[in-house]
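Reading through the structure tokens given below for one structure.
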Amino acid sequence: MKILLDAMGGDNAPDANIKGAVKAINQIKAEVVLIGIEDVIRKRVKELYGKEIEEISDRFSIKNATETIEMEDMPTMAIKHKKDSSMVVGFNMLKEGQGDVFISAGNSGALLTGATILVGRIKGIDRPALAGILPAYKSRLLLMDCGSNTNCKPINLLQFAQMSSIYLRNTFGNEKPRVGLLNIGTEETKGNELIKDSYKLIKENADDLNIEFVGNVEGRDAFSGKIDILIADGFTGNVFLKTVEGVGKLVKRTLTESIKKNIFTKIGAIPALPSINALSKAMDYKEYGGALFLGVKKPVVKAHGSSDERLFEFTIKQAEKFVENKAVEKMIEKFE
């Protein structure tokens, strides 16, 4: 297996990308190809580790790409005109079978455009979407869509429910993932026209499409452990995602400051440290890696733009599991 990593994508590139890959390499079986400006990558590896990338592991290699797609670039224009960018080179390698999964923390719009245009949609899927995994009570929550389609139709939300159900069944062994529709109330009559029409469409087709639909879910109940998948349009889903990440950071920061307030709080916190550390880990979205772009013909993973080395490490390990479990192949079988 070969994992393709955009070494130039993200706010902290290339250092975070390189460090994350180095941390992950001995925890995975796959090869890792760092795609980007070769001279820059080799120089940073030498400065960080005092050796060549191939000396760190014989499962590392570099694919030179002379251009970089910046965060401010227009997605379609960037994909069309920056043909030797790390992102476009990565997509072409994936399409041509020179890799099994592509990871990037770069320009989200360009990544989604490139995945759709260069890799291609699975036949029968109108719009691919980002499936992000979040922590939930004694379980995990898959948020679909978390940012790729800001304007949706009911058929899109129905397909999100179907794709995410197939994904959880084949990747995590959850045979009956419970699907909820993000709404402002649980009643069938609540919500805007998109949500009300989507509710009706999903409910009518749930049995035929093997969707375990539980109805509307309010945001406060999303992490109760009673649902496995939360469906939303990309605009609402992204707002929900960023809000959750912000609240998680607030809780961790407030808790840390409370513990370190004075000598008495530090001593008093000692017996509770195992529980505090477990809570901190459970609320850390970095533990869950990137978001898989469901609906395209090959695995594409979107890492957070602000990814640090730890998030890259987890995303690379997660990407290997995506390929091993053949979720994309199973989805192609179901839809085509």
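Residue 183 passes every criterion in (1) over 25 Å from residue 290 (Cα atoms); (2) in contact with a helix residue (DSSP H, G or I) (Cβ under 9 Å, 6 or more places away or on another chain) apart from (1). The lone criterion from (1) in contact with a strand residue (DSSP E or B) (Cβ under 7 Å, 6 or more places away or on another chain); (2) under 20 Å from residue 78 (Cα atoms) left unmet by residue 13 is number (1).
Among what's in the stretch 86-112 and is surrounded by fewer than 21 Cβ atoms within 10 Å (Cβ to Cβ) and modelled with pLDDT under 90, pick the residue that is farthest from the chain's Cα centre (by Cα). By that ranking, first place goes to 109.
For residue 251, the test of being closer than 24 Å to residue 303 by Cα and free of Cβ contacts under 8 Å to residues at least 40 places away in the same chain is passed.
Residue check: is residue 94 more than 14 Å from residue 63 (Cα to Cα) and either without any contact (Cβ under 8 Å) to a residue 40 or more places away in the chain or among the hydrophobic types (A, V, I, L, M, F, W, C) (or both)? The answer is no for residue 94. Among the candidates 180, 215, the residue that is touching a Ser or Thr at 6+ places or on another chain (Cβ under 8 Å) and either within 19 Å of residue 142 (Cβ to Cβ) or polar (S, T, N, Q) (or both) is uniquely 215. I'm trying to understand the selection: among the residues of the stretch 88-106, which are touching a Gly at 6+ places or on another chain (Cβ under 9 Å) and outside any loop (DSSP other than H, G, I, E, B)? 88, 89, 90, 91, 93, 95, 102, 103, 104 - these are the residues of the stretch 88-106 that are touching a Gly at 6+ places or on another chain (Cβ under 9 Å) and outside any loop (DSSP other than H, G, I, E, B).
Scanning the stretch 189-212 for residues that are β-branched (Val, Ile, Thr), assigned to a helix (DSSP H, G or I) and in contact with a helix residue (DSSP H, G or I) (Cβ under 7 Å, 6 or more places away or on another chain) yields a single hit, 202. Of the helices (runs of 4 or more DSSP H) entirely within the stretch 1-59, those holding at least 2 residues that are in contact (Cβ under 8 Å) with a residue 60 or more places away in the chain, surrounded by fewer than 20 Cβ atoms within 10 Å (Cβ to Cβ) and assigned by TED's automatic domain parsing to the domain that holds residue 73 occupy 15-25.
I'd like to know if the stretch 67-82 contains one or more residues that are in a loop (DSSP other than H, G, I, E, B) and buried (at least 24 other Cβ atoms within 10 Å of the Cβ). Scanning the stretch 67-82 turns up at least one residue that is in a loop (DSSP other than H, G, I, E, B) and buried (at least 24 other Cβ atoms within 10 Å of the Cβ). When residues in the stretch 65-77 are screened for being at pLDDT below 90 and in contact with a strand residue (DSSP E or B) (Cβ under 7 Å, 6 or more places away or on another chain), 3 of them pass.
The values are calculated or read from the model by the stated rules, or taken from the named source; none is laboratory data. Since the structure is predicted, the reported quantities are computational estimates derived from the model, not experimental observations. Every residue, glycine as well, gets a Cβ built from its backbone with ideal geometry; the counts of neighbours run over all protein chains shown.
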